[in-house]
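Colleague: Take a look at the following structure, please.
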Amino acid sequence: MPGDDTTITVVTVGTLWDIRPAVGPAVFRAVRTLVEPPDAGPTFTGHVTTGGVTMRYDDAPLEAFFSDDLFVEWVCQAVEAG
């Protein structure tokens, strides 16, 4: 329905997250496509790097690699690394 935000699918393409300290490699980085439909959970296609290890995902649920707790952990790691 036009004008109703609850009926749109949000698609984000590019670098979705790039959490890094002031100097050094990223603690967490997710690159490519996030799809957030109004009637289902978000899905991700692309690659994710954590702890120097890169994994590829194809239309995977966002929760396969991302949670609020992990996000806070990655931000804390980046802050502590300086």
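Colleague: Pick from segment 41-54 the residues that are exposed (fewer than 13 other Cβ atoms within 10 Å of the Cβ) and not β-branched (Val, Ile, Thr): which of them is farthest from Pro25 (Cα to Cα)? Talk me through it step by step, then tell me what you get.
Modeller: So in segment 41-54, the residues exposed (fewer than 13 other Cβ atoms within 10 Å of the Cβ) come out as 41, 51-54.
Imposing the further condition that a residue be not β-branched (Val, Ile, Thr) reduces the set to 41, 51-52.
On the way: Gly41: 30, Gly51: 9, Gly52: 8 Å.
That would be Gly41.
Colleague: Turning to a different aspect of this structure: All but one of (1) of a type outside the set (Asp, Glu); (2) over 19 Å from Val79 (Cβ atoms); (3) crowded, with 16+ Cβ neighbours inside 10 Å hold for Gly14; which doesn't?
Modeller: With respect to (1) of a type outside the set (Asp, Glu); (2) over 19 Å from Val79 (Cβ atoms); (3) crowded, with 16+ Cβ neighbours inside 10 Å, Gly14 is out only on (3).
Colleague: Can I ask one more? Taking the residues in segment 17-40 that are among the charged types (D, E, K, R) and under 30 Å from Asp4 (Cα atoms) as candidates, determine which candidate is surrounded by the most Cβ atoms within 10 Å (Cβ to Cβ).
Modeller: Within segment 17-40, the match that is surrounded by the most Cβ atoms within 10 Å (Cβ to Cβ) is Arg32.
Colleague: Continuing with this model, one more query. Within segment 24-49, work out how many residues are modelled with pLDDT under 95 and of a type in the set (Ser, Thr, Tyr).
Modeller: 0
Colleague: Further, regarding this structure: What single numbered condition from (1) over 20 Å from Val79 (Cβ atoms); (2) in contact (Cβ under 8 Å) with a residue 24 or more places away in the chain; (3) aromatic (Phe, Trp, Tyr) fails to hold for Phe28?
Modeller: Phe28 satisfies every listed condition except (1).
Colleague: Also: Which of (1) free of Cβ contacts under 8 Å to residues at least 60 places away in the same chain; (2) more than 14 Å from Thr12 (Cα to Cα) is the odd one out, the single condition Asp59 does not satisfy?
Modeller: (2) is the only condition that Asp59 fails.
Colleague: Output the residue which, of all residues in segment 62-79 that are without any contact (Cβ under 8 Å) to a residue 24 or more places away in the chain and not hydrophobic (A, V, I, L, M, F, W, C), is nearest to Thr9 (Cα to Cα).
Modeller: Restricting to residues being without any contact (Cβ under 8 Å) to a residue 24 or more places away in the chain and not hydrophobic (A, V, I, L, M, F, W, C), the top hit is Glu63.
Colleague: Next question, about the same structure. Any chance you could count how many residues in segment 29-65 are on the phi > 0 side of the Ramachandran plot and outside any strand (DSSP E or B)?
Modeller: Adding up the residues that qualify gives 2.
Colleague: Select from segment 1-28 the residues that are in contact with a Lys or Arg (Cβ under 9 Å, 6 or more places away or on another chain) and either in a strand (DSSP E or B) or on the phi > 0 side of the Ramachandran plot (or both) and list them in ascending order.
Modeller: Step one: list which residues in segment 1-28 are in contact with a Lys or Arg (Cβ under 9 Å, 6 or more places away or on another chain), which gives 13-20, 26-28.
Of everything in segment 1-28, those that are in contact with a Lys or Arg (Cβ under 9 Å, 6 or more places away or on another chain) and either in a strand (DSSP E or B) or on the phi > 0 side of the Ramachandran plot (or both) turn out to be Val13, Gly14, Thr15, Leu16, Trp17, Asp18, Ile19, Phe28.
The values are calculated or read from the model by the stated rules, or taken from the named source; none is laboratory data. The structure presented is a predicted model; accordingly, all values stated were derived computationally and were not measured. No Cβ is skipped: glycine too gets one built from the backbone with ideal geometry, and neighbour counts run over all protein chains shown.
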